[in-house]
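Visitor: Here it is: the structure, laid out below.
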Amino acid sequence: MKKFHMVDENFICENCHKQVKQLHYTARDHCPYCLYSKHVDINPGDRSNLCQGLLKPIGIEKFRETYKILYICEKCGENHKNILAKDDSMDKVIELSNIER
């Protein structure tokens, strides 16, 4: 099982440049406006990945009672997944759900 280090902090999204606030119930790991993330972790919250590329949202998949955002790193090409947050843009989520992979 992967180690989880809780890091819930404010940041400015490197894709859409909006101010993103802490989530306050789990670690914030992506922008709620454009859904982009950053390739900063090897294990959740460790901030030890040297890649630092932007993770582009490319799809959605069902996960238990919620959904996960599917990503591809624009720098190294690695795939990732993050669970949706309560304040994520539903318009963006719907957009992603209509993308054929």
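The values are calculated or read from the model by the stated rules, or taken from the named source; none is laboratory data. The structure presented is a predicted model; accordingly, all values stated were derived computationally and were not measured. Because the Cβ atoms are built from the backbone with ideal geometry, glycine has one as well, and the counts that use them run over all protein chains shown. For accessibility, only protein heavy atoms count, side chains too; no ligands or nucleic acids. Shrake-Rupley method; radii C 1.70, N 1.55, O 1.52, S 1.80 Å.
Visitor: Pull up the range 6-47, narrow it to residues that are among the β-branched types (Val, Ile, Thr) and open to solvent by 90 Å² or more (accessible area, probe 1.4 Å), then point me to the one that is nearest to residue 82 (Cα to Cα).
Guide: 42
Visitor: Next question. Looking only at residues in the range 48-74 that are charged (D, E, K, R), over 11 Å from the mean Cα position of the chain (by Cα) and under 18 Å from residue 34 (Cα atoms), which one is most open to solvent (accessible area, probe 1.4 Å)?
Guide: 74
Visitor: For the subset of the range 1-58 comprising residues that are part of a loop (DSSP other than H, G, I, E, B) and among the basic types (Lys, Arg), which member is farthest from residue 96 (Cα to Cα)?
Guide: Ranking the qualifying residues of the range 1-58, first place goes to 3.
Visitor: Okay, next question. Restricting the search to the range 5-40, which residues are among the charged types (D, E, K, R) and either at pLDDT 85 or above or in contact with a Cys (Cβ under 9 Å, 6 or more places away or on another chain) (or both)?
Guide: Filtering the range 5-40 down to residues among the charged types (D, E, K, R) leaves 8-9, 14, 18, 21, 28-29, 38.
Selection gives 14, 18, 21, 29, 38.
Visitor: Would a scan of the range 77-95 turn up a residue that is surrounded by 13 or more Cβ atoms within 10 Å (Cβ to Cβ), over 13 Å from the mean Cα position of the chain (by Cα) and in a loop (DSSP other than H, G, I, E, B)?
Guide: Yes; the residues of the range 77-95 include at least one that is surrounded by 13 or more Cβ atoms within 10 Å (Cβ to Cβ), over 13 Å from the mean Cα position of the chain (by Cα) and in a loop (DSSP other than H, G, I, E, B).
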